[in-house]
Amino acid sequence: MEDTVGQRLKQREFDLASVAELSSATSASPGIARFSCDGPLPQLQIQQESRQIALNVDLLAAQLFKLGPVQWVCMVDGSDNGKETRYSRGLAIQFRNEEESGAFHCVFQQWKEEVNIQGGNLPNGTILNSKSKFDEKIESSSAKMYFHYYGQLLHQQNMLQDYVRTGTYYAAVIENRADFMGRVVVDVGAGSGILSLFAAQAGAKHVYAVEASEMAEYARKLIAGNPTLGQRITVIKGKVEDVVLPEKADILISEPMGTLLVNERMLESYVIARDRFLVPNGKMFPGVGRIHMAPFCDEYLFVEIANKALFWQQQSYYGVDLTPLYGSAFQGYFSQPVVDAFDPRLLVAPPMFHVIDFTKVKEEDLYEIDIPLRFVASVGARVHGLACWFDVLFNGSTVQRWLTTAPGAPTTHWYQLRCVLSQPIYVMAGQEITGRLHMIAHNAQSYTINLTLSAKMWGPGAEQGGILQTSSCKLDLKEPYYRMSQPQAYSITQDQQSQPLLNTQDINIQSQDLDDPELMQQPSPNSCAQIDSLMQNI
């Protein structure tokens, strides 16, 4: 059930301490502001108790301007000539206290948002739709499919049954009760509301669960079925870019990670929520994300992808020569990132990582991500591409906890991702591999990936530099090949049998991306062998 804050969001009538016309000498007197749905569009009605002043206007034509904590000006019937906006009438309204003033503003914005989202039939028969920041950068068809997907319980169940994901979130919240106790929390993209319920279990004063898909209705039902916790949770249906909350948050909690951390572009919404709702120095769960990368060798995968295009080498398919399309088909298959779980022994060099600090990054910084690559091969092998995974940090006051999707760690529903080169490169042990991972966001809620890997000169004369081989590929993160197999059983030599699988929580890699080196200290009591020593024994 919702508390009084949630009830105020549904309030339709507000008492006014005073109402006065701006353009006349009419004296101010108490009045009433009322929202109604009597006409084709929602209406705002403002009138004095004496009924000397009466205003009845469509919300599309009304604008609010704040003069003080309890004072507002309502302007109506605006016209725009391209250089300035003109209003034909204005009322000065004053509330009895700041709480009522803030509640009125929230309700005004919520009602107006509904009009903008649904559109309204204007007198001339045209349709007006006000686009939010989300709508301006995301293609409508992509957004529709996205919200439809996450509005279904079966997909929520898939995420809830990822026990690494759900269990880590639960532990991170409950182990850091001190951060949640008595605090206001905003759950960004709440989905089923599970994280909101976790925050309430940890003692949150109030949780605002913001969810744009139809899952918001299921979240309300789930939360209502847990009344002891639900009385401190308000579900708000809408995008974080658009909704208005009655108070600031002490903590943001969210699960904004997609494949390769950034797919679906929800990190941008998480950052927008930070800028809109979070108090200065407030906490974010999670607060840091890292994209890990390493070159890999996998002949099985390379042959599997290459063989898919063999269909197009038929010279007489029902009398039709398909070979003119073979080259395009071949490149097309290699433009798909591969999502699966792989054996970490396929890595041919120790990984590096790129850090994204959610507490500091700007939304615009996520539009284009450019990562210089540099590795030193641990073994001689054919490099078939770049393997990637991510982890995120819950930097609690009591416990720091990491959620990892690394190869060799328990598999999550994110698996890992590999960018496969159509032209592998050859390296020797000790040879330097350089390159670039360049990701550009597009309006289908994903990224175009441009990968280049080069093998630098090795051996005598290497100090003079030079590139021996270079291979590049362009991939669409929106259209991956969901292979999603468990790690294949590769043959193990005798000297490898005593080696444990890679645990990335034990990889000690220095980075200049974080100002605080303590953030890189991961809570892993059971240390495994370092990847470089593992590679040396392959």
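Selection among Met257, Leu310, Leu278 by position relative to the dipole of region 233-327 gives Leu278 as farthest towards the positive end (Cβ unit charges, Cα centre). Between rounded, prolate and oblate, where does region 366-437 land on the alpha carbon gyration tensor, with a ≥ b ≥ c its root eigenvalues, rounded for a/c under 1.5, else prolate if a/b exceeds b/c? Taking the square roots of the gyration eigenvalues as a ≥ b ≥ c, region 366-437 is prolate. Rounded, prolate or oblate: pick one for region 146-212, where a ≥ b ≥ c are the square roots of the eigenvalues of its C-alpha gyration tensor, a/c under 1.5 means rounded, and failing that, prolate if a/b is larger than b/c, else oblate. Oblate shape, in that a/c is at least 1.5 and b/c is the bigger or equal ratio.
Quantify how much of the Cα-Cα distance distribution of region 214-263 extends past 16 Å, in percent. Show your work: numbers first, answer last.
Working: 725 of 1225 pairs.
Across region 214-263, Cα pairs with separations above 16 Å total 59 percent.
Taking a ≥ b ≥ c as the square roots of the eigenvalues of the alpha-carbon gyration tensor, region 182-271 is classed prolate because a/c is 1.5 or more and a/b outweighs b/c.
If Lys and Arg each add +1 and Asp and Glu each add -1, what is the summed charge of the other residues whose beta carbon sits under 15 Å from the beta carbon of Gln445? In short, -3.
Each reported figure results from applying straightforward, stated rules to the coordinates on display, with no laboratory input. Given the structure is predicted, the values throughout are model-derived calculations rather than measurements. Every residue, glycine as well, gets a Cβ built from its backbone with ideal geometry; the counts of neighbours run over all protein chains shown.
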